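Working notes for the structure below.
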Amino acid sequence: MPQVLTNRLAEVYSLQSRKSKKNFSEYSLVVSTIFGALRKNFESSSDADIRHVIGDWLKHAKSRKDRPDLEEEEDDADLEETAADPDREAQEGKDQEDEANSLKEDLTE
């Protein structure tokens, strides 16, 4: 999953749009690609097992993002800038939404 979504983007999604998050299942091409990759490596996995793995991965995105030892995008300087500029957090939220909308547009083309 980390090759498909960053933790920052994943934290705004849930598999079925729960807790006011966006619905990751809307991206059927991405979901079917993930299913196919998991099926290739774990042939005996059921659809329910795979949905559980994807949902669990999305659910824990924020905690992964918040752990410095697992962070893939932000370095200390970036974190300091965010703390010094409260408007930056709002902009990052907008950037995440724009990135999600762009992904959705790419998938519908």
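For residues that are assigned to a helix (DSSP H, G or I), without any contact (Cβ under 8 Å) to a residue 40 or more places away in the chain and among the charged types (D, E, K, R), tally how many sit in the stretch 43-62.
At the first step, the residues of the stretch 43-62 found to be assigned to a helix (DSSP H, G or I) are 47-59, 61-62.
From the residues that got through so far, the ones that are without any contact (Cβ under 8 Å) to a residue 40 or more places away in the chain too are 47-53, 56.
Next, from what is left, pick out any that are among the charged types (D, E, K, R): 47, 49, 51, 56.
Result for the stretch 43-62: 4.
Among the numbered conditions (1) open to solvent by less than 60 Å² (accessible area, probe 1.4 Å); (2) not in a helix (DSSP H, G or I), the only one that Arg18 does not meet is (1). Is it the case that Asp56 is open to solvent by 40 Å² or more (accessible area, probe 1.4 Å), at pLDDT 90 or above and closer than 16 Å to Pro2 by Cα? Considered against the rule, which asks whether it is open to solvent by 40 Å² or more (accessible area, probe 1.4 Å), at pLDDT 90 or above and closer than 16 Å to Pro2 by Cα, Asp56 comes out as yes.
The values are calculated or read from the model by the stated rules, or taken from the named source; none is laboratory data. Nothing here was measured: the structure is a model prediction, and the numbers come from that model. All Cβ positions, even for glycine, are placed from backbone atoms using ideal geometry, and neighbour counts span all protein chains on display. Calculation scope for accessible area: heavy atoms of the full protein, side chains included, ligands and nucleic acids excluded. Shrake-Rupley method; radii C 1.70, N 1.55, O 1.52, S 1.80 Å.
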